[in-house]
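Peer 1: Pasting a structure below so you can have a look.
The values are calculated or read from the model by the stated rules, or taken from the named source; none is laboratory data. Because the structure is a prediction, the values reported are computed rather than measured. Quick reminder, even Gly has a Cβ in these numbers, built from the backbone with ideal geometry, and neighbours come from all protein chains shown. Ligands, DNA and RNA are excluded from the accessible area calculation, which covers all protein heavy atoms including side chains. Shrake-Rupley method; radii C 1.70, N 1.55, O 1.52, S 1.80 Å.
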Amino acid sequence: MLDSNLLGLLLVAGIVGGIKLMSSPKTAVEGNLLGAVCMAGAIILTLVSNQIVSIPILWVGMMIGSVFGYMLAVKVAMIQMPQMVALLNGLGGGSSAIVSWLVLLTGVGTIGVFERFTAAVGLAVGAVTLSGSLIATAKLSGKMKSKPTVLKNHSVYNFFTLLLTVLLVILITAGVEQTVALSVLAMLLTLFFGVLFTIRVGGADMPVTISLLNSLSGLAGAISGFAINNPLLVAVGSVVGASGLILTQIMCKAMNRSLMNVLTGKTALQAQKAGGSTAKKEVSGLKKSTTGGVAGKDSTTKNLATILAEAKKVIVVPGYGMALGQAQAKVKQVVDRLEEQGKEVKFAIHPVAGRMPGHMNVLLAEVNVEYEKLYELQAINPEFKETDLVIVIGANDVVNPAANTAEGTPIYGMPILQVDEAKHVIIMNMDTKPGYAGVDNPLYKSPKATLLLGDANESLTRILQLL
Amino acid sequence: MSILALFLLFILATVVGYKVISDVPSLLHTPLMSGTNALSGVTVLGAVVATAMAKETASQLLGAIAIILAMVNVVGGFMVTHRMLKMFKKKS
């Protein structure tokens, strides 16, 4: 008879190995399958070692969940991936919260201090993950405004909600008689806290929030693993927790922001006060004269054609605008045409372009852009100098040269794609309003920039006609 | 397992996870995230045990909900990751 702990260890090793395989696009599919198989193994091992294989309700629950999961996964479009990930995070967190809650409800009087403590914390973290993810999902899918909602005394609410939660955890840990009622209160309170903390986060900061919620959903699982004394759950939960934490760090670094800054919605607030109003005034004249057409300081349609014809080295910079306009297929058409004409085309991907880590890569992969053509920030930046033409599609802050020079603005010091070093830049954007960070983009007034305003699909069609 | 052993496991798994995931290129961050996201449904392990332990009908129903939520997370997560990763692979 094999030891169940040893088997569990093997399964965890398999899951970690699966993640390891995901570090190369060539083996990533196998890595994911390995993870799935090990997960199935872990479920079976848990059922067998706890001698609960024959309980029907467990199988009914798993069947229903699998069917729903399958339907969701088949139906979802690539463009909806950010909200899908956020939703799934929330479900995992919610499940962990319920598991911890059940430990408290069914174990009254029988479980020790350690179980009571971990169950209370697991309940709290899980519930925050659930409600936070649901708000994030609503924001990402456009069911809620993506602008940060800041209440009066928001931080005060946050503080007292947290303080009360800590108090409840202490009381539950102490094992007072009213544990059941207190745990209900803790659940409601932490659900409320999840809402409080996500409504304050703005759209472009979503990559950070999703990563953080991902981390929290793993952590919630690990903590409920403590409560229910399941080593497998502890191990896998912490791997997920660590993964989300790394992504959160990467995202914060890519925006030159602290996590605290993002969570308190600071940048967006400063933006409204600082850059917003002046920028709008400056560009309003330009906007009127150019609505819906080809705009630019001194570029006409004619010399845009010349620029396109003469360019040999082209770099495409996609941003959230490409996702929003679902313009990735058109982008591929333009790139194909450019390549047919013997031009070299590369893609520059900023780490925080879009609404989740790697958002652009997935959309481009969907339309068959080879991943060898996608370059990360550090790899591509030295190349802009020798580039004839950069095409920016719906990106703003990540190419804003003000990040290098405008001290005191929210994006100062943020690593950007140095598109201003190229010979010419075509910028496709809805309008000339400053990006999410609210800092005016000097590139728009540069003589080497051509602005194409309006929907990215239409702008790309114009380019296609010129080629 | 003893509390101490669980804690050691927690720390070890965090370190190993951190190390392994640092190696994943940003190109694959979305699939990585949805993959580890599927893994966070591992809480289904806790859910089945907790449900089996539950004696009252209300607790059992609550447990069943936890199982359903976790399984949507697991199955949906892995399948959607598979869809994404296949797109990356077909070009190589």
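Peer 1: I'd like the per residue volume of the convex hull spanned by the Cα atoms of the range A:83-264, given in cubic angstrom.
Peer 2: Cα convex hull per residue, to the nearest whole number: 102 Å³.
Peer 1: At q = 0.17, 0.18 Å⁻¹, what is the log10 ratio I(q)/I(0) for the range A:1-102, with the Debye formula run over Cα points and no solvent?
Peer 2: Relative scattering, expressed as log10 I(q)/I(0), comes to -1.09, -1.20.
Peer 1: May I ask for the accessible area buried between chains B and A, both sides summed, probe 1.4 Å, to the nearest 100 Å²?
Peer 2: In total, chains B and A hide about 7900 Å² from solvent.
Peer 1: Arrange the residues A:Ile315, A:Ile170 by how much accessible surface each exposes, largest first, with a 1.4 angstrom probe.
Peer 2: Greatest to least solvent exposure: A:Ile170, A:Ile315.
Peer 1: From the phi of every residue in the range B:58-68, what ³J(HN,Hα) in whole Hz does the Karplus formula 6.51 cos²θ - 1.76 cosθ + 1.60 yield, where θ is phi - 60° and glycine or proline is x?
Peer 2: My calculation for the range B:58-68 gives 4, 5, 5, 5, 4, x, 4, 4, 4, 5, 4 Hz in order.
Peer 1: Find the accessible area per residue for the protein assembly as shown; the probe is 1.4 Å, ligands and nucleic acids are left out, and the unit is Å².
Peer 2: Per residue, the protein assembly as shown has an accessible area of 39 Å².
Peer 1: Next question, about the same structure. How large a share of the accessible area of the range B:30-92, in percent, is made up of carbon and sulfur atoms when the probe is 1.4 Å and the other protein chains stay in place?
Peer 2: It is 65 percent, rounded to a whole number.
Peer 1: Beyond a 19 Å Cα-Cα separation, which of these cross-linked pairs lie in this structure: A:Lys385/A:Lys433; A:Lys330/B:Lys89; A:Lys385/A:Lys423; A:Lys312/A:Lys423?
Peer 2: The answer is A:Lys385/A:Lys433; A:Lys330/B:Lys89.
Peer 1: Express as a percent, rounded to the nearest 5, the fraction of DSSP beta bridges in the protein assembly as shown (both residues included) that run antiparallel.
Peer 2: 5 percent
Peer 1: What percentage of the solvent-accessible surface of chain A, computed with a 1.4 Å probe over protein heavy atoms, is contributed by carbon and sulfur atoms?
Peer 2: Here carbon and sulfur together make up 64 percent of the probe-accessible area.
Peer 1: Let me know the mean shielding of A:204-217 by other chains, meaning the per-residue number of their Cβ atoms within 10 Å of its Cβ.
Peer 2: Mean shielding by partner chains, rounded to a whole number: 2.
Peer 1: Let me ask you something else. Where does helix B:44-53 land angle-wise versus the long Cα axis of chain B, in degrees 0 to 90, nearest 10?
Peer 2: 10 degrees
Peer 1: Using only the alpha-carbon atoms of chain A, report the extent along each of the three principal axes, biggest first, to the nearest angstrom.
Peer 2: 80, 52, 34
Peer 1: Quick one: ranking A:Tyr444, A:Tyr70 by accessible area, 1.4 Å probe, largest first, what do you get?
Peer 2: The ranking, largest first, comes out as A:Tyr70, A:Tyr444.
Peer 1: With only alpha-carbon atoms in the gyration tensor, what are the semi-axes of the equivalent ellipsoid for chain B, in Å, largest first?
Peer 2: 31, 21, 7
Peer 1: Hey, another quick one. With unit charges on the beta carbon (Lys/Arg positive, Asp/Glu negative), name the residue among A:Met251, A:Ser133, A:Ala204 whose Cα is farthest towards the positive pole of the charge dipole of the range A:83-264.
Peer 2: Checked the options; the winner is A:Ala204.
Peer 1: Please list 3J(HN,Hα) in residue order for the range A:44-56, calculated via the Karplus relation 6.51 cos²θ - 1.76 cosθ + 1.60 where θ = phi - 60°; whole Hz, with x for glycine and proline.
Peer 2: 4, 4, 5, 4, 6, 5, 9, 6, 10, 4, 8, 7, x
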